[in-house]
Amino acid sequence: MGKKPDTIGARIRYWRMRRGGMTQAVLAGLAGVTQSYVSQVESGRKTVDRRSTLVALAAALQVTVADLLGQGTESGDPARESAAECVPAIWSALIEIEDGERRPSTYTADQLAAEIARADQLRNSCNYSAMARILPGLLLEAAAAGRTALAQVAYLASTCLRHLGYRHLALNAARVSVSAAEDVEDRAWIGASRFVYAQSLPIESARLAARAADRSLVELQGDASDARVRQMLGQLHLMAALASTVDARPDVARDHLAEAAREAASLGDPADGGGFNGCCFGPTNVGLWKMSIAAEQGEYGKIIELSRTIQPRVLKASNRQLSYWLDIGRALADSGRRDSEALAAFIRAEQAAPIPFAINPLARDAVVTLAQRAQRRAIPDDLRLLAGRIGINLVA
């Protein structure tokens, strides 16, 4: 390999050395993992697959999970750099809106609706760099229009910022969405905004995210006659299930998953592939979240088993296909004995959503890990091409 990529393992080693030369054994003891595991992660032979492990390692090193992931700070990726140029303007627009400032609208209602639809389409295709370019102006126009427009655009902004690694700003946008939805008392949008708020919380705040989802579930249950609200209740159950898994409360997670599955079975998959607010709630999305939760629990065999029952193409959001293939790839790569199959899955993930795959720290680390293991042999051409597309330079 050429210049070593800036991986999660490299950052762990950097922060470990910054902590007075803390040994791998001490870090392992503080984080509740083995010294061998820390060694393999730092050398790139193994990836950190679980959010709970990232939280434990970050706490032991007295840094944030974002520090270990390098989110919002990495350079070199064109999509990230293009989006980063727009982030100050998005932040400025959010501050202006939170301060109660409202500019005169320059859009007609039809123009605003068309621009919101365009931004939503960019979200579905995971084109976050293009999305970031239109969000500053669209946020201000939505604020001028009021109603549910601001709740929807702030939701889109929060999603975009979170995927780009700017989680602190994603949380600001989520709060704007919640406030706007509550102002117009739109129960479905209250559910959606509370969902994106829980998603935007730092990984370290898993228990807080679960509690936030629980409060919203209680508050919105009385409006379950509205199918849009029911879809968001289902999404909130999924969010609470994942957060509870990260928080080491598997029984609570299981209960939330069961409720989500029950709701999904009665609703079915959305006829248009997206459903309310493009959240894709239904049996297929529940299956995809189950795969992600199995990954968090280290149940890689279960991921493969679940994948055989799921057809993610029925959903129009390309990040759902990314999630499917990325979880399969990480499951296959875990043992080190099925790397060729893992590579095929990662290629499918990158084809489904090139931009988020390229800027996803866990996806990048998985590709580096495959390359590290392939060093003893020839690095496959497919792996070299995939690495090149996401900005990792591999040299034989």
Here is a list of conditions, (1) over 17 Å from Cys126 (Cβ atoms); (2) among the hydrophobic types (A, V, I, L, M, F, W, C); (3) surrounded by fewer than 20 Cβ atoms within 10 Å (Cβ to Cβ), and Ala366 meets all of them except one; can you say which number that is?
(3)
Of the residues in the range 376-387, how many are open to solvent by 50 Å² or more (accessible area, probe 1.4 Å) and either hydrophobic (A, V, I, L, M, F, W, C) or at pLDDT 80 or above (or both)?
6
Is at least one residue of the range 111-124 in a helix (DSSP H, G or I), within 23 Å of Gly275 (Cα to Cα), among the β-branched types (Val, Ile, Thr) and touching a residue at least 60 places away in the same chain (Cβ under 8 Å)?
no
Quick check on my filter: what residues within the range 39-56 are assigned to a helix (DSSP H, G or I) and under 19 Å from Ala363 (Cα atoms)?
Gln40, Val41, Glu42, Ser43, Arg51, Ser52, Thr53, Leu54, Val55
Filter the range 148-174 for residues that are touching a residue at least 60 places away in the same chain (Cβ under 8 Å) and hydroxyl-bearing (Ser, Thr, Tyr); the one that is surrounded by the most Cβ atoms within 10 Å (Cβ to Cβ) is Tyr155
Checking the condition in contact (Cβ under 8 Å) with a residue 60 or more places away in the chain and not polar (S, T, N, Q), which residue from Lys290, Lys302, Lys316 passes?
Lys316
If a residue must be farther than 17 Å from Ala333 by Cα and part of a helix (DSSP H, G or I), how many such residues does the range 349-396 contain?
11
Find all pairs meeting these conditions: Cβ atoms under 6 angstrom apart; at least six residues apart or on different chains; first residue within the range 29-56 and at pLDDT 90 or above; second residue not in a helix (DSSP H, G or I).
Gln40/Lys46; Val41/Val48; Leu54/Val48; Ala56/Gly32
What single numbered condition from (1) open to solvent by 40 Å² or more (accessible area, probe 1.4 Å); (2) assigned to a helix (DSSP H, G or I) fails to hold for Ala342?
(1)
Count - residues of the range 275-312 that are open to solvent by 40 Å² or more (accessible area, probe 1.4 Å), outside any helix (DSSP H, G or I) and closer than 28 Å to Ala56 by Cβ
2
Looking for whichever is open to solvent by less than 30 Å² (accessible area, probe 1.4 Å) and touching a residue at least 40 places away in the same chain (Cβ under 8 Å) here; the options are Ser200, Ser177, Ser216. Which one fits?
Ser200
Answer yes or no: is there a residue in the range 23-32 that is open to solvent by less than 20 Å² (accessible area, probe 1.4 Å), part of a helix (DSSP H, G or I) and touching a Gly at 6+ places or on another chain (Cβ under 6 Å).
no
Given (1) open to solvent by 10 Å² or more (accessible area, probe 1.4 Å); (2) more than 30 Å from Val48 (Cβ to Cβ); (3) polar (S, T, N, Q), index of the condition Ser193 fails
(1)
Filter the range 6-22 for residues that are aliphatic (A, V, I, L, M) and either open to solvent by 70 Å² or more (accessible area, probe 1.4 Å) or within 11 Å of Leu61 (Cα to Cα) (or both); which is farthest from the chain's Cα centre (by Cα)?
Met22
Would you please name the residue that is farthest from the chain's Cα centre (by Cα), looking only at residues in the range 33-57 that are of a type in the set (Lys, Arg) and open to solvent by 60 Å² or more (accessible area, probe 1.4 Å)?
Arg45
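Tell me, please, whether a residue that is open to solvent by 40 Å² or more (accessible area, probe 1.4 Å) and either part of a loop (DSSP other than H, G, I, E, B) or at positive phi (or both) can be found in the range 60-68.
Initially, the range 60-68 is screened for residues open to solvent by 40 Å² or more (accessible area, probe 1.4 Å), giving 62, 64, 66-67.
Those left that are additionally either part of a loop (DSSP other than H, G, I, E, B) or at positive phi (or both): 62, 64.
Yes, some residue in the range 60-68 is open to solvent by 40 Å² or more (accessible area, probe 1.4 Å) and either part of a loop (DSSP other than H, G, I, E, B) or at positive phi (or both).
Yes/no per residue for (1) open to solvent by 10 Å² or more (accessible area, probe 1.4 Å); (2) of a type in the set (Gly, Ala, Ser); (3) over 20 Å from the mean Cα position of the chain (by Cα):
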| residue | (1), (2), (3) |
| --- | --- |
| Ala333 | yes, yes, yes |
| Arg338 | yes, no, yes |
| Arg348 | yes, no, no |
| Ala374 | no, yes, yes |
| Ile390 | no, no, no |
| Asn393 | yes, no, yes |
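Return yes when Arg320 is within 27 Å of Gly275 (Cβ to Cβ), basic (Lys, Arg) and buried (at least 18 other Cβ atoms within 10 Å of the Cβ) and no when it is not. First the steps, then the outcome.
On the way: within 27 Å of Gly275 (Cβ to Cβ): yes; basic (Lys, Arg): yes; buried (at least 18 other Cβ atoms within 10 Å of the Cβ): yes.
Taking the combined requirement at face value, the residue satisfies it.
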Could you grab the pairs with beta carbons closer than 6 Å, sequence gap of 6+ or different chains, first residue in the range 220-233 and among the small types (Gly, Ala, Ser), second one open to solvent by less than 80 Å² (accessible area, probe 1.4 Å)?
Ala224/Arg230
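So, in the range 272-287, exactly how many residues are among the β-branched types (Val, Ile, Thr) and free of Cβ contacts under 8 Å to residues at least 40 places away in the same chain?
Filtering the range 272-287 down to residues among the β-branched types (Val, Ile, Thr) leaves 284, 286.
Now narrow it down to the ones that are free of Cβ contacts under 8 Å to residues at least 40 places away in the same chain: 284.
Looking only at that region, the number is 1.
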Tabulated pairs, the range 80-96, first open to solvent by less than 60 Å² (accessible area, probe 1.4 Å), second among the charged types (D, E, K, R), C-beta under 7 angstrom, 6+ apart or interchain
Arg80/Glu74; Cys86/Arg133
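The values are calculated or read from the model by the stated rules, or taken from the named source; none is laboratory data. As the structure is a computational prediction, the values presented were derived from the model and not from experiment. Cβ atoms come from the backbone with ideal geometry, glycine included; neighbour counts cover every protein chain shown. Remember, those area values only see protein heavy atoms, side chains included, never the ligands or the DNA or RNA. Shrake-Rupley method; radii C 1.70, N 1.55, O 1.52, S 1.80 Å.
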